[in-house]
Amino acid sequence: MRNEKMKVREIMSRPVVSEDEETVVVKIAKEMAELGVGSVVVTSGGEPPAAAKPAGIVTERDIALKVLLKDKRASEVRAREIMSSP
C-alpha cells in the first residue's frame with residue numbers, strides 16, 4: 001500500500017462557511033445542516049464584513065458537548081461562548 005499525500009484542497013469545503021462570533025448557535029446549526037458541513041469558521045471584527053478575521057471554529061461536537069449536553073438553549077448561546085480557538 002502506497003503512502004500518498006493528500007492535499008487540503010482535495011477535501012476542503014468551498015466556499016468556507018463562516019459566521020460572526022455574536023451569531024446564535026441555533027442559526028449556525030441550521031446553516032451547517034442546510035449546507036452539509038460539520039464546522040463553521042467564527043470571525044470577529046467584521047465591520048465591514050470583509051475586514052473580519054478568523055477567531056475560532058464551531059463544530060458539531062462543540063454544539064453537542066457545550067450546548068445540548070449542558071441543557072442550554074441554542075437560541076441564547078453565542079458562537080464566541082462555545083468556539084474552539086488557539
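The values are calculated or read from the model by the stated rules, or taken from the named source; none is laboratory data. From a predicted model like this one, the values you see are computed outputs, not experimental measurements. Cβ atoms come from the backbone with ideal geometry, glycine included; neighbour counts cover every protein chain shown.
Quick look at the numbers
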| read-out | value |
| --- | --- |
| Flag for Ile28 being surrounded by 11 or more Cβ atoms within 10 Å (Cβ to Cβ) and either of a type in the set (Val, Ile, Thr) or within 16 Å of Met83 (Cα to Cα) (or both) | yes |
| Strands (runs of 3 or more DSSP E) contained entirely in the chain, each with at least 3 residues that are within 12 Å of the chain's Cα centre (by Cα) and free of Cβ contacts under 8 Å to residues at least 40 places away in the same chain | 39-44, 53-59 |
| Failed criterion for Asp62 (all others in (1) over 15 Å from Ser18 (Cα atoms); (2) surrounded by fewer than 18 Cβ atoms within 10 Å (Cβ to Cβ) hold) | (2) |
| Filter pass, Arg9 being at pLDDT below 95 and not aromatic (Phe, Trp, Tyr) | yes |
